[in-house]
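The values are calculated or read from the model by the stated rules, or taken from the named source; none is laboratory data. This is a predicted model, so every value here is computed, not measured. Ideal geometry is used to build each Cβ from the backbone, glycine not excepted, and the neighbour counts take in all protein chains shown. Accessible surface is based on the protein model in full, side chains and every heavy atom, while ligands, DNA and RNA are left aside. Shrake-Rupley method; radii C 1.70, N 1.55, O 1.52, S 1.80 Å.
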Amino acid sequence: MPAIKNPEPALEDDVVALRPFTLMDVPRVTQACQDPEIPRWTARIPSPYRESDARDWIVSQANDLRQGTEISLAITDPSTGSLDGSVGLSSIETSNGTAEIGYWVAAWARRQGKATNSVQLLSGWGLEELGLRRIILVTKPDNEASAGVARRAGYRFEEEDGAYPVRGELWHVLKFVLER
C-alpha cells in the first residue's frame, strides 16, 4: 500500500477542524474515552481506557500512515482548538478502492453536528485524494445516533450483517455505504 499523507490543507468547516493527533492530546483523549458510551458503540476502544492506551494509539498512527492502511484525525472545534473526538479511515485497500470509516465524539461535544461534518469531510477527502470508490460505515442496530450520522453524511443503508467480526466477537451490525 502506498503511504498516506495527512490532508493539506487541513479539512475544516464552520463546525469542525480535523488535524493529526499529537502526544499533547493524550490527556484529552483519555478523558473522553472514560465515557462508557464510547467503548459500547465502537469496535476499537478498550474499556477501561488508560493514558497508555491513548499514547500507544497516537504513536501507532505514524506507522499506519506509512503502511497506507489507516488515517485518524482529531475532531477539534475550529474556534477554540478543543479536541472533541476522532474520525478515521481504516482497512484502506487502495487496490480495490475501499475503506471503513469510524468516529467517536466526546460527551461534551455531542449533538452539535461534529460527527456528521467530520464524516462528510473525511469521506470526501478519501474519495477525492485517496481515490476510494466505496467507504463503509458500520453501526450496531440500536445505535440510532450513528445511523443518523451515516444518513446525514450521505451514506445509504446497504445491509444488516449478523456476523461482523469485532474484537474477537461477531457483532450484529448495519452497514451504510458511500460510493462514487
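Membrane-span-like helices in the chain (whole DSSP H runs, Cα extent of at least 18 Å along the helix axis, mean Kyte-Doolittle hydropathy of at least -0.5): 114-129.
Using the rule -39500 (n - 2.57) for each DSSP H run of four or more residues, divided by the residues of the chain, the 222 nm mean residue ellipticity is -9000 deg cm²/dmol. For Gly97, neighbours were defined as the other residues whose beta-carbon sits under 11 Å from its Cβ, and their charges (Lys and Arg +1, Asp and Glu -1) total +1.
Mind running the shape call on the range 41-175? Use the C-alpha gyration tensor, a ≥ b ≥ c as the square roots of the eigenvalues: rounded below 1.5 for a/c, prolate if a/b tops b/c, oblate otherwise. Cα axes put the range 41-175 in the rounded bin.
Hey, if we sort Phe176, Phe21, Phe157 by accessible area with the 1.4 Å probe, largest down, what's the order? Could you put the intermediate results ahead of the total?
Details: Phe176 0, Phe21 20, Phe157 95 Å².
Of Phe176, Phe21, Phe157, the descending order of accessible area is Phe157, Phe21, Phe176.
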